[in-house]
Amino acid sequence: MDEKLLQKLDSLLFIIFVFFSLAMFSNNNAYAENRTITIPLGASNPHFETEAKFWYEPPVLTINSGDTVTWLNSDNEIHTVTSGKGISREEFAQGTMTGTSDGYFDSGSFNPGHSWSFTFDKAGTFYYFCTIHPWMNGAIVVSTTIPDYATDAQGNEIEKFPIVKYTQGKEVEADLTWEPHVILTGEQITFIFNFYNPITSSSLMSSTPYRFVIVQNGTEIFSVDDATQYSGGYKYFVFENPGPVEFKLEKIDNTNLSTQFSTLVFENPSKIKQETPIIQPARNLALSQAVQIVFIGPPIAIAIFIIIWAKWGDKLRKKKSH
Ligand SMILES: [Cu+2]
């Protein structure tokens with residue numbers, strides 16, 4: 001092979017390599033991420049002279065549902081990460097020394113150099129503070145991305161409804177569909193199913209007994225014994241909580257035959273607490289900016305004036321002397 005061809009092959013391989021790396025990278029983004037918040041040096045100091053810009057850095061972190069946040073204590077004091085509302089600096093000045101925890105999460109005390117993690121599976125805005133230094137405030141904003149297609153509990157797209165499944169020994173074919181396909185909390189979902197004989201493809205005789213069960217996060221949340229009418233049946237259900245769910249059709253025809261299906265339930269965006277958290281800075285940054293304008297502004301203006309004067313003034317003077 002001549003050298004030019006080899007070079008072309010090389011660049012082609014490189015392009016393929018880059019393409020696959022990018023594809024893998026974007027794939028990774030579809031899954032839960034790990035995010036870090038640092039408790040900086042000086043975070044325990046409630047006064048303006050602390051070197052910490054914020055008690056928790058970043059003070060407001062936006063993540064996706066399923067992401068894990070790790071708080072790293074880089075200060076030289078013990079701290080906590082406790083959900084709820086701490087106190088403002090004004091309240092601190094007035095002598096208030098306790099925040100109000102809401103019980104969602106609590107790290108307990110953790111030492112300098114140590115960290116604590118929490119996985120957020122609920123969407124919403126969650127404030128937190130340090131119970132030892134309650135002026136330390138932070139917030140996590142958890143958003144949910146709702147796909148426009150249904151998936152199974154593992155996140156694989158369900159390409160066709162009804163979903164066709166068989167009992168273990170292929171004795172019965174069970175077809176299940178639900179509407180709407182993407183399930184949101186608080187919305188009525190209609191389940192429709194039919195039983196068939198897989199060999200003859202004909203419907204099972206009418207009035208086939210079955211049990212319809214819904215399991216969410218390992219807990220049975222709905223169960224009903226019924227019998228089909230004209231080989232099929234339907235059920236309604238409203239989900240209260242987001243998370244993976246399993247639908248089971250059991251005891252088909254009073255036997256141990258069963259099939260199961262799975263999907264994800266998403267938090268209804270209309271029910272998510274939408275709030276833009278405002279966290280006070282540790283240092284009074286507004287003041288220091290004002291100081292910068294007063295003390296740095298005029299000297300810069302004077303310097304610019306001198307430079308212009310030196311350049312143009314010189315020329316003007318030369319012109320006059322000619
Ligand atoms: Cu603290």
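The values are calculated or read from the model by the stated rules, or taken from the named source; none is laboratory data. Remember, predicted model here, so these are calculated numbers, not experimental data. Positions of Cβ are generated from backbone atoms using ideal geometry, with glycine treated the same way; all protein chains shown enter the neighbour counts. In case anyone asks, the SASA skips ligands and DNA or RNA and just uses the protein heavy atoms, side chains included. Shrake-Rupley method; radii C 1.70, N 1.55, O 1.52, S 1.80 Å.
Taking the criterion of being open to solvent by less than 10 Å² (accessible area, probe 1.4 Å), over 14 Å from PHE129 (Cβ atoms) and in contact with a Leu (Cβ under 8 Å, 6 or more places away or on another chain), the residues of segment 35-74 that qualify are ALA52, VAL69. Taking the residues in segment 123-147 that are open to solvent by 20 Å² or more (accessible area, probe 1.4 Å) and closer than 15 Å to LEU61 by Cβ as candidates, determine which candidate is farthest from the ligand (Cβ to nearest atom). Only one residue fits best here, namely SER143.
For segment 174-189, what are the residues that are of a type outside the set (Ser, Thr, Tyr) and farther than 15 Å from PHE212 by Cα?
Of segment 174-189, the ones of a type outside the set (Ser, Thr, Tyr) are 174-176, 178-184, 186-189.
Selection gives GLU179, PRO180, HIS181, VAL182, ILE183, LEU184, GLY186, GLU187, GLN188.
Would you mind stating whether SER107 is without any contact (Cβ under 8 Å) to a residue 60 or more places away in the chain, surrounded by fewer than 20 Cβ atoms within 10 Å (Cβ to Cβ) and within 23 Å of LEU61 (Cβ to Cβ)? No: the conditions fail for SER107.
Taken over segment 182-200, residues that are within 13 Å of THR167 (Cα to Cα) and of a type in the set (Phe, Trp, Tyr) amount to 2.
PHE212 passes every criterion in (1) modelled with pLDDT under 95; (2) in the same structural domain as ASP253 (by TED's automatic domain parsing) apart from (1). For ILE279, state whether it is at pLDDT below 95, out of contact with any His (no Cβ under 9 Å at 6 or more places or on another chain), under 30 Å from PRO134 (Cα atoms) and among the hydrophobic types (A, V, I, L, M, F, W, C). Yes, satisfied.
Looking only at segment 202-214, which residues are touching a residue at least 24 places away in the same chain (Cβ under 8 Å) and either surrounded by fewer than 13 Cβ atoms within 10 Å (Cβ to Cβ) or of a type outside the set (D, E, K, R) (or both)? Listed by number, the residues that qualify are SER203, LEU204, MET205, SER206, THR208, PRO209, TYR210, PHE212, VAL213, ILE214.
Restricting attention to segment 29-48 and to residues that are closer than 29 Å to PRO242 by Cα and not in a loop (DSSP other than H, G, I, E, B), the residue that is nearest to the ligand (Cβ to nearest atom) turns out to be ILE37. Each residue in segment 151-196 was checked for being closer than 21 Å to ASN256 by Cβ, among the aliphatic types (A, V, I, L, M) and either part of a strand (DSSP E or B) or without any contact (Cβ under 8 Å) to a residue 60 or more places away in the chain (or both), and 3 of them qualify. Any idea how many residues of segment 80-100 are more than 15 Å from TYR56 (Cα to Cα), small (Gly, Ala, Ser) and open to solvent by less than 70 Å² (accessible area, probe 1.4 Å)? Of the residues in that region, 2 qualify.
With SER88, SER65, SER117 as the choices, which residue is at pLDDT 95 or above, away from the ligand (no atom under 15 Å from the Cβ) and among the polar types (S, T, N, Q)? Steps first, please.
Working: SER88 fails: at pLDDT 95 or above; SER65 fails: at pLDDT 95 or above.
The unique qualifying residue is SER117.
Filtering segment 71-84 to residues that are more than 13 Å from the ligand (Cβ to nearest atom) and within 19 Å of SER101 (Cα to Cα) leaves SER83, GLY84.
Test VAL142 against the criterion of being within 30 Å of GLU77 (Cβ to Cβ) and either in contact with a strand residue (DSSP E or B) (Cβ under 9 Å, 6 or more places away or on another chain) or not small (Gly, Ala, Ser) (or both), and give yes or no.
Details: within 30 Å of GLU77 (Cβ to Cβ): yes; either in contact with a strand residue (DSSP E or B) (Cβ under 9 Å, 6 or more places away or on another chain) or not small (Gly, Ala, Ser) (or both): yes.
Against the criterion (within 30 Å of GLU77 (Cβ to Cβ) and either in contact with a strand residue (DSSP E or B) (Cβ under 9 Å, 6 or more places away or on another chain) or not small (Gly, Ala, Ser) (or both)), VAL142 qualifies.
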